[in-house]
Amino acid sequence: MIDLLEPIVGIRWAKRLAVLYPTPRAMRNVDTQRLLDIGLPVKKAELLSAAIEFGWQCIEMNDSDNVISSPIALYESLRRMLREPEYEQVGVIYVNNARKSISKQIHSVGSQTNTIMDARKLLREGLRLGATGFLLGHNHPSGDPKPSQADIDVTVQVYKASQVLGLPLLDHMIISDGPTKYHSLRESHTWIWA
């Protein structure tokens, strides 16, 4: 980690930052203000923050050509999107007929225990983009991806609305950093899609 940081912030700050953030993934939500708060000079904080954001955008651009044809492919895409481990976030991936991603977006950010999914907003954006389907995902900061009753209820609600408009919900996945990494409602609650 030090060798990645040193050209940007110098050896002294690289060593200090490597203790606070031992892996590149640990720095995923570090912004300029957080860097300033730990004492990094303004120019170095701005440069490192821009480098972090540039890196994440490169990953997302590289990932945007992927076909999402399996739960593991969906998990990999969502894992890159939902980078805030402390709060529930909802991500949506709009796809074409070949299940190739045409847009990935953060739909909402909530608290540590819940977030909001607005079916109208999800569907309106999908229609605007010309998508032929979409996949939902959200994280559980608790580390347990098991769906709550509220997760199941909102999935049913969004699925029914998506069927009316002909823009089908293809899966809803819950991801976590726990021992079990994801839970696909399409796999576990097949009755929703029946």
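The values are calculated or read from the model by the stated rules, or taken from the named source; none is laboratory data. Everything numeric in this text was worked out from a predicted model, so none of it was measured. Glycine also receives a Cβ, built like all others from the backbone with ideal geometry; neighbour counts cover every protein chain displayed. Side chains are part of the model used for accessible areas, which takes the heavy atoms of the whole protein and leaves out ligands, DNA and RNA. Shrake-Rupley method; radii C 1.70, N 1.55, O 1.52, S 1.80 Å.
In square angstrom, what is the accessible area per residue of the chain with a 1.4 angstrom probe? Working shown, then result.
Values: 10270 Å² over 194 residues.
On a per-residue basis, the chain sits at 53 Å².
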FRET efficiency for ARG16 and GLU53, Cβ-Cβ distance as r, R0 = 22 Å, nearest 0.05?
0.60
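For the pair THR190 and SER142, what calculated FRET efficiency results from E = 1/(1 + (r/R0)^6), where r is the Cβ-Cβ distance and R0 = 35 Å, to the nearest 0.05?
Details: r = 25 Å, r/R0 = 0.71.
Approximately 0.90, to the nearest 0.05.
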Carbon and sulfur atoms: what percent of the 1.4 Å accessible area of the chain do they account for?
54
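Calculated from DSSP H runs of 4 or more alone, at -39500 (n - 2.57) each and per residue, what is the 222 nm mean residue ellipticity of the chain, nearest 500?
Working: 8 runs with 89 residues, N = 194.
Calculated at 222 nm, the ellipticity per residue is -14000 deg cm²/dmol.
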Lys pairs in the chain with Cα under 16 Å (8 or more apart in sequence, or on separate chains) total 4
Show me the helices of the chain, taken as full DSSP H stretches, that run 30 Å or more along their long axis by Cα and average 0.0 or above in Kyte-Doolittle hydropathy.
42-63
Candidate values (i) 10.9; (ii) 11.6; (iii) 13.6, label of the one derived for mean projected area of the Cα convex hull in nm²:
(ii)
If you take the square roots of the eigenvalues of the alpha-carbon gyration tensor of the stretch 110-161 and sort them as a ≥ b ≥ c, do you get rounded (a/c under 1.5), prolate (a/b over b/c) or oblate?
prolate
Alpha carbon centroid spacing (whole Å) that separates the stretch 136-194 from the stretch 72-127:
11
